[in-house]
Amino acid sequence: MLPKPESACLLIADISGYTGYLAGVELDHAQDILADLMDTIVDALRPPFRLSKLEGDAAFVYLASSDLDGSLLQDIVEATYFTFRRRLRDIKQASVCECDACRQIPSLDLKFVAHFGQIAKQAMSGQEELIGRDVILIHRLLKNNVEAVLGERPYVLYTDALTQRAGIDPQAQGLIAHRESIDIIGEVRCWLRDLDAAWKAEQERSRMEVSPSDAIATFTIDVAAARPTTWEFLTMPGHRAIWTAGSTGVEENAVNGRRGPGTITHCMHGKDVIVEEFIDWRPHDYITRRAQIFDTGLVMTMTHALSDGRDGGTRIDIRVAKPAAEDMERFIALTPLLEQSMRASGEMLVKQLDEAAAQQRAAAGAEPAVPASAGRFVTQPVSH
């Protein structure tokens, strides 16, 4: 039987500078560092992506789906890059080795190519292989002319096919128009995101996280789903409408069409509405929002902080900021109702995420193994 075609988002994460890095450095340490970085990249991308194969210093992953959310996809790619940059820093700072392989770690960087198209799965030598025109296309796009536009900078290249499918407005979101010419296939319209600029903006952006010491109340729940899936359920309007107690729908007004700081949502509760503004947005670490509670005049600020839980799950700490002195009386009056709503929402969120995790496990097949780092000098990364 011929393999059945299906729609998929295809993505390649490629460590740039690795070939030059290998020249003249100690091979055993270089391989150890590569294994550590590849594990970091793949772990950050899955779920929702699945690993198709490792290709030297690149990971080829895919998400089999006809529906893509552009904000969520960009969050995953950029969060993976930020995780990679932090890991480079951690390895460098944790290392006591003075070999060339260790000293030249800062010369490494990461680039992405992302495309939407058709794939088929075919068993070859006992391994699942993705085949099709679009699989060829994304690999050909790795050899591109982006350097002429951005210089030697990290980037993500999105094909126009992907931006259209995911509902990304490239111009509104500041992506750079680009074209590549591929033999036989022809001209491919693309869009670029400068990841070095994104990283610098991330470092410079003010943090607005409700800390444990600033919280008047904290609710903690544990879910079976991984942090990227948990982030999806916490931020996407369609999911939020299902698990939020009493909600009859969630309407969203995103800045430039991308969910993030400044996004306003209206959580409908029949004729009543909770108006929320996202004021800090750190995929997949925490979200801080400011909410106006119906027509009470009370404004609450809360952070949903995500951390690694047991067995690949997630711990969610919901921290409610201490209200202003003039709001304390109204807050106390509403506390029983707020606690009841949060507990009911939390129970539904746990149910939804545990079901999602079970479905992901059931659908998951065998994936290629990621080589393990020997961990000679990278097992104790510094905190970030």
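The values are calculated or read from the model by the stated rules, or taken from the named source; none is laboratory data. A quick note: this is a predicted structure, and the numbers were derived from the prediction, not measured. Heads up, the Cβs are rebuilt from the backbone with ideal geometry, glycines too, and the neighbour counts pull from every protein chain shown.
Results for (1) assigned by TED's automatic domain parsing to the domain that holds Asp295; (2) touching a strand residue (DSSP E or B) at 6+ places or on another chain (Cβ under 8 Å); (3) surrounded by 14 or more Cβ atoms within 10 Å (Cβ to Cβ), shown as yes or no for each residue.
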position: Leu234; (1), (2), (3): yes, yes, yes
position: Pro237; (1), (2), (3): yes, yes, yes
position: Trp243; (1), (2), (3): yes, no, yes
position: Ser247; (1), (2), (3): yes, yes, yes
position: Gly262; (1), (2), (3): yes, yes, yes
position: Thr265; (1), (2), (3): yes, yes, yes
position: Gly270; (1), (2), (3): yes, no, no
position: Val273; (1), (2), (3): yes, yes, yes
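Among (1) assigned to a strand (DSSP E or B); (2) aliphatic (A, V, I, L, M); (3) farther than 23 Å from Pro283 by Cα, which single condition is Val61 missing?
For Val61, the exception is condition (3).
State whether the residues of the stretch 272-289 include one that is of a type outside the set (A, V, I, L, M) and farther than 25 Å from Ser211 by Cα.
Yes, because at least one residue in the stretch 272-289 is of a type outside the set (A, V, I, L, M) and farther than 25 Å from Ser211 by Cα.
Among Glu209, Glu202, which is farther than 30 Å from Leu142 by Cβ and among the charged types (D, E, K, R)?
Testing whether each residue is farther than 30 Å from Leu142 by Cβ and among the charged types (D, E, K, R) leaves just Glu209.
Residue-by-condition table, conditions (1) over 22 Å from Thr230 (Cα atoms); (2) modelled with pLDDT under 95:
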{"residue": "Arg319", "(1), (2)": "no, no"}
{"residue": "Ala325", "(1), (2)": "yes, yes"}
{"residue": "Met328", "(1), (2)": "yes, yes"}
{"residue": "Arg343", "(1), (2)": "no, yes"}
{"residue": "Ser383", "(1), (2)": "yes, yes"}
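Restricting attention to the stretch 6-38, which residues are more than 21 Å from the chain's Cα centre (by Cα) and at pLDDT 90 or above?
Once the filter is applied, which keeps residues that are more than 21 Å from the chain's Cα centre (by Cα) and at pLDDT 90 or above, the stretch 6-38 yields only Glu6.
Select from the stretch 124-150 the residues that are more than 15 Å from Leu192 (Cα to Cα) and among the β-branched types (Val, Ile, Thr) and list them in ascending order.
Ile131, Val135, Ile136 - these are the residues of the stretch 124-150 that are more than 15 Å from Leu192 (Cα to Cα) and among the β-branched types (Val, Ile, Thr).
Please name all residue pairs, on different chains or six or more residues apart, with Cβ atoms under 7 Å, provided the first residue is in the stretch 312-324 and is aromatic (Phe, Trp, Tyr) and the second residue is not in a strand (DSSP E or B).
Nothing qualifies.
Find all pairs meeting these conditions: Cβ atoms under 6 angstrom apart; at least six residues apart or on different chains; first residue within the stretch 342-365 and closer than 14 Å to Phe49 by Cα; second residue outside any helix (DSSP H, G or I).
Ala357/Ala224; Ala357/Ala225; Gln360/Pro47
If you go through the stretch 117-136, how many residues are buried (at least 20 other Cβ atoms within 10 Å of the Cβ), in a helix (DSSP H, G or I) and of a type in the set (A, V, I, L, M, F, W, C)?
1
Just a yes or no: is a residue in the stretch 174-188 of a type outside the set (A, V, I, L, M) and in a loop (DSSP other than H, G, I, E, B)?
yes
Where residues in the stretch 301-342 are touching an Asp or Glu at 6+ places or on another chain (Cβ under 9 Å), over 16 Å from Glu276 (Cβ atoms) and among the basic types (Lys, Arg), which of them is surrounded by the fewest Cβ atoms within 10 Å (Cβ to Cβ)?
Out of the qualifying residues, it is Arg310.
Select from the stretch 189-204 the residues that are without any contact (Cβ under 8 Å) to a residue 60 or more places away in the chain and not in a helix (DSSP H, G or I) and write down the one among them that is surrounded by the most Cβ atoms within 10 Å (Cβ to Cβ).
So, considering only residues that are without any contact (Cβ under 8 Å) to a residue 60 or more places away in the chain and not in a helix (DSSP H, G or I), the one surrounded by the most Cβ atoms within 10 Å (Cβ to Cβ) is Cys190.
Go through the stretch 174-210 and give me each residue that's within 18 Å of Ser71 (Cα to Cα), over 17 Å from the mean Cα position of the chain (by Cα) and at pLDDT below 95.
Across the stretch 174-210, the qualifying residue is only Gly174.
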